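A short worksheet on the structure shown next.
The values are calculated or read from the model by the stated rules, or taken from the named source; none is laboratory data. If you're wondering where the values come from, they're calculated on a predicted model, not measured in any experiment. So basically every Cβ, Gly included, is an ideal-geometry build from the backbone, and we count neighbours across all protein chains shown.
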Amino acid sequence: MWKLQKSSDNGLLVMVLSGQLEADQIEDLKKIFDVESSGRKLALDLREVKLVDQEVVTFLASCEADGIRLDNCPAYIREWINRR
């Protein structure tokens, strides 16, 4: 189960993700990002993310490669991204 909250900061759309993220939720996240960002820069705040699977780590790495900022990324997720 996961939750998403949105806020805006000087034209930057910040999406706060919390809970457990699994591969079957990636498509939902992509759709939300596409609809909500509408050309604005996007940041994902991962402070409240408790658990992710390998597919989500790959997705987060691709988000970062596409210019999406990963804020408050838990150390274990950052380590897995760096190992890719």
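A few comments on the model shown:
- Selection count, the range 33-65, where residues are surrounded by fewer than 17 Cβ atoms within 10 Å (Cβ to Cβ) and farther than 23 Å from N10 by Cβ: 8
- Evaluation of A61 against the conditions (1) over 17 Å from W2 (Cβ atoms); (2) modelled with pLDDT under 95 shows that the sole unmet condition is (2).
Every residue, every condition in (1) charged (D, E, K, R); (2) in contact with a Phe, Trp or Tyr (Cβ under 9 Å, 6 or more places away or on another chain); (3) in contact (Cβ under 8 Å) with a residue 24 or more places away in the chain, yes or no:
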residue	(1), (2), (3)
Q5	no, no, no
L12	no, no, yes
A43	no, no, yes
L46	no, no, yes
V52	no, yes, yes
I68	no, yes, yes
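- So Q25, is it closer than 19 Å to I81 by Cα, of a type in the set (S, T, N, Q) and surrounded by 17 or more Cβ atoms within 10 Å (Cβ to Cβ): yes
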